[in-house]
Structure formats: structure tokens, C-alpha cells
Amino acid sequence: MKKLRNIIAPAVVAALTLAACGGDDTATEEPAEEPAASEDTVAATQGSDLTFHMVTHSDDGPFWSVVKRGMDAACEDVGVNCVWLGSNNDPGVQVQMIEQAIAEGSDGIASALASPDQLVGPLQAAVAAGIPVVTLNSGLNNWQEIGALTHVGQDEIIAGREAGKRFNDLGATKVLCGRQEESNVALEERCNGVIETFNGEVVSQFVGLDADQTEQTNSIAAVLAADPDIDAFIGTGPVIAMSGLAAANDSGREMKGIGGFDMTPELLAAIDAGDISFTVDQQQFLQGYLPIILMYLNVTNANVAGGGQPVLSGPGFVDASNAAQVAELVGAGTR
């Protein structure tokens, strides 16, 4: 516990305080031997008799690498062992990883919940075994059913609402909310949030996968050509936001504003250049950092944060006022 006073940095306190507004003794034996490092299993830090597992549907992309850096930083700050387990979007593998963590006697499991129908049960089993659980990234609608301490992530409806307000400020009258997956509830919620606060009309439509950006751009251009009243676009991801910009440019359409969700270096450069108005930032570094801190405080000090509400990591916003600064942090791997 000697490091406890060092971890409650002002930034963490602020994050937890704002989030709440949104809405055993440690073992004396040596820690269990961790699995050999592989592309799915990474032993992050060592130096304590507490071991936490972070089990997600992560791939090797830039988004999840930032989540993992957040976990690494938190584990180093409090001096615990952490094991990163990424299932590469295979819920069956993620179930096996949760069961593995339980079998190893994990002191806490942080898990994303992209496939709740398959993952709720195994995480309930972890709670029944006396293991504290925190859900992260996805799981906003299921963490209480699990019996988790809290959820760390972004409320997509709230994020969409704030984006809708920005389009009001930009003077837009009709927004096309383009989705890059046809049946992804989180993306639909982002568009539904825009609908709730935008003063004009919103068209929510699937316009093609990120995997084929040329087809995606052409699909958006076709919607713009069919409806001359559309004067703004928001993509529910960073790639589709860039496709929206390309479609507007190819069509010669003057737009009141273009927005996106999440970040890529290309999107940040477009914001800095004034070509895109903003992007919604769910601050995924916090999604890796805060669950470790919350589980550590629960195990060592019986704390439960959030007051029965999720701990919101977003929405944050990146626009022309901070795009250059955030781009530097992206380069450092923490945004």
C-alpha cells in the first residue's frame, strides 16, 4: 500500500469525479507463473503479489495498442502484475481467456463486452468466485447484470448528443450520419444521439465498410447526389469520416461541417488543416488505465467508484483548438 498515495494523481481524480457525475487481504505466496508471452498474451509488469487480467476483443490495431499502454501505465504506477489477453474479435476465444484468468486465481478481471450473450455468464462466474470485475469499452448495458464494480467507457448516446450540438453551432440543417457497419448497436447509438440534439434532420445510413474505402466514398457521394439538402456529414468512425470528406470534395459539395468518431493521424491532420470540424474522442487510454486503478483500490482499500453509475472516459472532443497537441500525444502512443 506504500504506493497508494502516489497513484491518485489530479488527472485521475478529475476523471473519476467527472465520470461519477455522468449519470482481502493480499496473498502472501508468490504470484502464479504467467503464460508465456505471445501475440495474444503479454505479461505487462511485475513486482507485486497482485495479478490483474485485462481480457478484450482487441486486435493489433492502433486503438487497442493505446488501451494496452493505459493498462501498462496503471500497472507500473501501483506496482502490480498485469496480463493482457486479446481475442482478436473472437468471443469464443475471449470466453476461454476469462476462464483461464479465473483458473489462475486472478485478483481482478477487466473485460470488454462486445458479445454480451457469450461473455456475461463467464464474468458472472468470476464474480461468484470472489474476483472483482470491471467492464471496459463495451458493456455499458450489462455491467450491473454481471455484478461488476463499474464500467469504464463512453456512453455512445451521450457522445452523439454532444456531436449534434456541435452541428447546431456550425449552422447545419441536415446531417448524414454514415455508419461503417450494418448492424453494430454502438454505431447506431452514436447516430441516435445526434438525432436527439440536432435541430435539423438526421439521416442515419450504412454506407459501406472501412475495408473498401473507395466503395465507401462512392456510396456517400451517391447519397449526397440524391439529396442536395444534406449540408453536413458525420462518420461513426475515423476512416469513414475521411471517406465523407473525400465524397464531399469529389462531389463539389460545400458542407457546413464534417465530423467523426475516434482518431487516426490522417483525421487529426485534416482537423488541423480545417477540412474536418471535429472528432469525438472516447479517450481509450483511460479505458486501459482506470480499470486497473479501480480494481487495485477495491482489493486494497475496499473502494468502489462511480456511485452505481459507469465511469465515463468520453466524450472528449478534438477540433482545431487542440488537434496539433493531440497529434503529438498520438505519436507518443497515449491518445
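For the reader, a short list of remarks on this structure follows.
- Residue within region 19-40 that is in the same structural domain as residue 116 (by TED's automatic domain parsing), in a helix (DSSP H, G or I), at pLDDT below 95 and crowded, with 22+ Cβ neighbours inside 10 Å present: yes
- A residue that is more than 21 Å from the chain's Cα centre (by Cα) and not small (Gly, Ala, Ser) can be found somewhere in region 131-141.
- Region 317-335 - residue that is under 16 Å from the mean Cα position of the chain (by Cα) and modelled with pLDDT of 95 or more and, of those, nearest to residue 266 (Cα to Cα): 318
- Condition check for residue 71: under 16 Å from residue 294 (Cα atoms) and either part of a helix (DSSP H, G or I) or among the charged types (D, E, K, R) (or both): yes
- Within region 274-309, the set of residues being aliphatic (A, V, I, L, M) and out of contact with any helix residue (DSSP H, G or I) (no Cβ under 9 Å at 6 or more places or on another chain) comprises 295, 299, 302.
- Of all residues in region 113-143, those satisfying the criterion of being small (Gly, Ala, Ser) and either part of a helix (DSSP H, G or I) or modelled with pLDDT of 95 or more (or both) are 121, 125, 126, 128, 129, 130.
- The set of residues from region 200-250 being surrounded by fewer than 16 Cβ atoms within 10 Å (Cβ to Cβ) and touching a helix residue (DSSP H, G or I) at 6+ places or on another chain (Cβ under 6 Å) comprises 210, 250.
- Residues that are of a type outside the set (A, V, I, L, M, F, W, C), outside any helix (DSSP H, G or I) and over 20 Å from the mean Cα position of the chain (by Cα), drawn from region 229-279: 229, 231, 252, 253, 254, 256, 257, 274, 275, 277
- Total residues in region 83-100, condition under 17 Å from the mean Cα position of the chain (by Cα) and under 14 Å from residue 126 (Cβ atoms): 1
- Residue 92 being at pLDDT 95 or above and within 21 Å of residue 140 (Cα to Cα): yes
- Top-ranked residue of region 157-188 - restricted to ones that are closer than 19 Å to residue 284 by Cα and at pLDDT 95 or above, ranked as nearest to the chain's Cα centre (by Cα): 159
The values are calculated or read from the model by the stated rules, or taken from the named source; none is laboratory data. The structure displayed is predicted, hence computed values, not measured ones. Cβ atoms come from the backbone with ideal geometry, glycine included; neighbour counts cover every protein chain shown.
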